[in-house]
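**Q** First, the structure itself, so that you have it in front of you.
Just so it is clear, none of the values below were taken in a lab; they were calculated from the coordinates. Source: prediction; values computed, not measured. For neighbour counting, all protein chains shown are included, and Cβ atoms are generated from backbone atoms with ideal geometry for every residue, glycine included.
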Amino acid sequence: MPRLILASSSPRRRELLTGLNIPFSIIKPEVDETQHAGEAPLDYVRRLSQEKAAAVATTLTLPGAVLAADTVVILGADTLGIDAQGEILGKPVDATDARQMLRRLRGRVHRVCTALTLMEIGDGAVEHDSVTRVTCTDVTMRDYSDAEIDAYIATGDPFDKAGSYAIQHVTFAPVAHVDGSYTNVVGLPVETLREMLAAMGWPISE
């Protein structure tokens, strides 16, 4: 079986990919994640996914495939036009930043979009095939209190999360409703990934 390289150091993506029972290794890509001026959120997340895959592919000399992913939390004034004009909420820089994000998200609908790029590599790291797909999920947050926000921030969990939250956090449990893929909100839309791997002829178990 050819090897699969996960171009991400995210423990959540690692756990989800492990659940597919596909052997893989990890190489963390080194790319500039700065959003370009005027770049729409979906264009941004798609570009980063492709750049991460390409960065790792250039380091390989044996055949295989590279899987890269990038996830953004998008907040708009309403749900109309959010993909084109919404504001990206990244990882918080400190507790104050995390608190502000969680207050802005509270009781509102936002969109989580993950771009997956699957790049097949031939001998000598020659790119044979590459496909990118974006999966978006609408997420409704519950009306949590300021005290709950402070308690959650005290756990340290928000600081490596886009939007300052993890949907799977049992105690805080910030999400009231998900319209779409749950695993996408975690960081790796497994349903989309299965389809991409199957289209590339990759052997996957059910």
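**Q** What distance in nm separates the simple spin-label points at Asp43 and Arg14, each placed 7 Å from Cα in the Cβ direction?
**A** Here the modelled spin labels are 3.5 nm apart.
**Q** Need the C-alpha centroid separation for region 178-204 versus region 103-118, integer Å.
**A** Measuring centre to centre over Cα atoms gives 17 Å.
**Q** Shifting gears a bit: Once amide H atoms are placed 1.01 Å from N in the peptide plane, what residues at a sequence separation of 5 or more from Ala176, or on another chain, have their amide H within under 5 Å of its amide H?
**A** Thr140, Met141, Arg142
**Q** Taking the Cα-to-Cβ direction at Val170 and at Arg104 and moving 7 Å from each Cα, how far apart do the two end points lie in nm?
**A** Spacing of the two 7 Å Cα→Cβ label points: 3.1 nm.
**Q** Distance in nm between label sites at Thr155 and Ser25, each 7 Å beyond Cα in the beta-carbon direction?
**A** Modelled inter-label distance: 3.5 nm.
**Q** Using only Cα atoms and rounding to the nearest 10 degrees, what angle (0 to 90) does helix 41-57 make with the longest principal axis of the chain?
**A** On a 0 to 90 degree scale, this one is about 40.
**Q** Then there is this: How big, on average over all directions, is the shadow cast by the Cα convex hull of the chain, in nm²?
**A** If I average the Cα hull's projected area over directions, I get 11.6 nm².
**Q** Separate question: Give me the net charge for the shell around Val73: Cβ to Cβ below 11 angstrom, other residues only, Lys and Arg +1, Asp and Glu -1.
**A** Result for the local shell: +3.
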